Amino acid sequence: MSMSGTSTARDLVEALGRGLPADRLVVDPDVLAAMSHDDAEWAPAGRAVAGVRARSESEVQHVVRVCAEFGAPVVPRGSGTGLSGGANAVDGCVVLDVSRMTKVLEIDRDNLVCVVQPGIVNNDLKAEVAECGLWYPPDPASAPWSSIGGNVATNAGGLCCLKYGVTRDYVLGLRAVVGGPVAYGTVTRLGRRTSKGVAGLDLTGLFVGSEGTLGVVTEVTLRLRPALPGTPRTIVGAFAGLPASGEAVSLITRRGLTPSVLELLDRVCLEAVEDWKHLGLQADAAALLLARVDTPGDYGKSEAEALAAAMTEAGALWVEQSSDDVEAEALFDARRLAYPALERLGPVLTEDVCVPRSAVPAMLAQVGEIGARHGVRIATIAHAGDGNLHPLLITPPGDDAARIAAQAAFEELLDAAIGFGGTVSGEHGIGLLKRAGMRRELDPGALAMQNAVRQSLDPLDIFNPGKG
Ligand SMILES: Cc1cc2nc3c(=O)[nH]c(=O)nc-3n(C[C@H](O)[C@H](O)[C@H](O)COP(=O)(O)OP(=O)(O)OC[C@H]3O[C@@H](n4cnc5c(N)ncnc54)[C@H](O)[C@@H]3O)c2cc1C
């Protein structure tokens, strides 16, 4: 049966309501509108028929079964901090919000594993496992708000992923409500909880980064690490231009140095954070590189010195090794707050390109060149050590010509990254904003295989259709 007309929409809402407690269902237009988009600028959002704030796996099953019966799209949603429109409603859909499924179901200290529901916020999970002397490393700058389910669905990266890996490296297994080869609404267990395991195809890996297009994740089994001992060392280098800071990144990579963090922050970002939060930051350089070394003892000290030397050799104006935690934390706060600080200046279109690390200086030069040619103001933050750059295209509010120029510059930056052998998305996902770019990047054979997988696992095309 396909969704058409208001009577069918009413039937759908009634069918949803029959299997759910009353407080789960959202039909109020204002609340529904707020649930219908993520944090991405100018990603189109359709009109949802209803929202459901599920609190259990069986409620998720009910929603998927009803949507399959009505042929209605299901758009899974975590915290809605996505930057590509992945959680945006499509016309006639049900937005399935799992952000209230926040339980830690198990912390297995003996095996360094935990099992959680998908709605738990990244930092809340970190805090819970820290009480057991354990650590969950992936740390997107949105960690205070974004959910583990969203992190899994986007394969989120973050600051310390340079040394410790991205979300994918920590997902051992999951449970998901799926359709396709099994009846829609079936719960399937994927993966394992052992540290190794090769039984069958890696379907867990397929779900990680699938942006809600293969099913709804209802439980995640995560690998943990022991908490790190000691206090990390911070090294800050200031540069006269963005490409010079990129040269330092290339040199650090070439020398095989492995800081736990290597982030870039330009002057526009520093000034925006300072104007907002008054952290006492001085923006006396075009760009700062923030590095952290968490190796304890003398080896950590020599790693920090080698990093400082590489920055100096690459032409830093000054380099400081901070022993002052307050000062170092202020700089990392500035890094985390850069995006919301810039949003105060006007709509921000966020790039997420990732290039081979030797190409970081050339890509940063392209950012300046493309911005200047289109007359677009671009601020840049980057997980520089991964080659993952976030040029942030800032436009004056309500200026249509500026929006069109920014969108053209956005596409050119994607092409520049592809030209350097890079990718259109390092960690935010494709969503709606990078669909055309992804099609320019991927091999036609890979695209055809991807479509075939989707068709076979979701023949009704109801799981977050039109995304990715
Ligand atoms: C200030 C700021 C900083 C950020 N920094 C980073 C960063 O450093 N690194 C990074 O990777 N990202 C970053 N992001 C982007 C964003 O936080 C991540 O993409 C995050 O993983 C999204 O999580 P969420 O819970 O908000 O998911 P949502 O935005 O709610 O959803 C994201 C995608 O996941 C799908 N989804 C959500 N839950 C489920 C589920 N249970 N089952 C199936 N599909 C699901 C949605 O359909 C959508 O496609 C940042 C965002 C902001 C606003």
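Listed by first and then second residue, the pairs linking a residue in segment 338-351 that is outside any strand (DSSP E or B) to a residue that is hydroxyl-bearing (S, T, Y) and more than 10 Å from the ligand (Cβ to nearest atom), with Cβ atoms under 6 Å apart and 6 or more places separating them unless they lie on different chains, are G346/T395; P347/T395. Looking only at segment 163-177, which residues are over 18 Å from G119 (Cα atoms) and either under 15 Å from the mean Cα position of the chain (by Cα) or not in a helix (DSSP H, G or I) (or both)? G165, V166, D169 - these are the residues of segment 163-177 that are over 18 Å from G119 (Cα atoms) and either under 15 Å from the mean Cα position of the chain (by Cα) or not in a helix (DSSP H, G or I) (or both). Can you name every residue in segment 292-349 that is farther than 25 Å from E274 by Cβ and of a type in the set (D, E, K, R)? Correct list: D294, D298, K301, E303, E305, E313. Determine whether segment 435-452 contains at least one residue that is out of contact with any strand residue (DSSP E or B) (no Cβ under 8 Å at 6 or more places or on another chain) and not in a helix (DSSP H, G or I). Within segment 435-452, one or more residues are out of contact with any strand residue (DSSP E or B) (no Cβ under 8 Å at 6 or more places or on another chain) and not in a helix (DSSP H, G or I). Among the strands (runs of 3 or more DSSP E) confined to segment 249-322, the ones with at least 1 residues that are acidic (D, E) and modelled with pLDDT under 95 are located at 261-266, 318-322.
Quick check on G157: is it surrounded by 19 or more Cβ atoms within 10 Å (Cβ to Cβ), in a helix (DSSP H, G or I) and either within 11 Å of the ligand (Cβ to nearest atom) or touching a residue at least 12 places away in the same chain (Cβ under 8 Å) (or both)? No; evaluated as a whole, the condition is false for this residue. For segment 197-214, enumerate the residues that are within 20 Å of V74 (Cβ to Cβ) and either of a type in the set (D, E) or part of a loop (DSSP other than H, G, I, E, B) (or both). Listed by number, the residues that qualify are V208, G209, S210, E211, G212, T213, L214. Quick check on segment 138-148. Is at least one of its residues within 8 Å of the ligand (Cβ to nearest atom), among the hydroxyl-bearing types (S, T, Y) and either out of contact with any Gly (no Cβ under 6 Å at 6 or more places or on another chain) or over 28 Å from L262 (Cβ atoms) (or both)? Yes, the conditions are met somewhere in segment 138-148. The set of residues in segment 317-375 being of a type in the set (D, E, K, R), away from the ligand (no atom under 15 Å from the Cβ) and in contact with a strand residue (DSSP E or B) (Cβ under 7 Å, 6 or more places away or on another chain) consists of E320 alone. V66 meets all of the listed conditions (1) within 16 Å of the ligand (Cβ to nearest atom); (2) at pLDDT 95 or above but one, namely (1). Inspect all residues belonging to segment 378-398 and state whether any of them is among the polar types (S, T, N, Q), in a helix (DSSP H, G or I) and farther than 22 Å from R435 by Cα. No, segment 378-398 contains no residue that is among the polar types (S, T, N, Q), in a helix (DSSP H, G or I) and farther than 22 Å from R435 by Cα.
Conditions tested, residue by residue: (1) away from the ligand (no atom under 16 Å from the Cβ); (2) under 20 Å from the mean Cα position of the chain (by Cα); (3) at pLDDT 95 or above.
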residue	(1), (2), (3)
V187	no, no, yes
G200	yes, no, yes
V217	no, yes, yes
V220	no, yes, yes
P232	yes, no, no
V236	yes, no, no
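Considering (1) out of contact with any Gly (no Cβ under 7 Å at 6 or more places or on another chain); (2) under 15 Å from L25 (Cβ atoms), the lone condition that D97 does not fulfil carries the number (1). Of the helices (runs of 4 or more DSSP H) lying entirely inside segment 1-115, those containing at least 2 residues that are crowded, with 20+ Cβ neighbours inside 10 Å are 5-18, 57-70. On the stretch given as segment 259-285, residues that are touching a strand residue (DSSP E or B) at 6+ places or on another chain (Cβ under 6 Å), among the hydrophobic types (A, V, I, L, M, F, W, C) and surrounded by fewer than 24 Cβ atoms within 10 Å (Cβ to Cβ) total 2.
The values are calculated or read from the model by the stated rules, or taken from the named source; none is laboratory data. In this text, all values refer to a predicted model and were calculated from it rather than measured experimentally. Quick reminder, even Gly has a Cβ in these numbers, built from the backbone with ideal geometry, and neighbours come from all protein chains shown.
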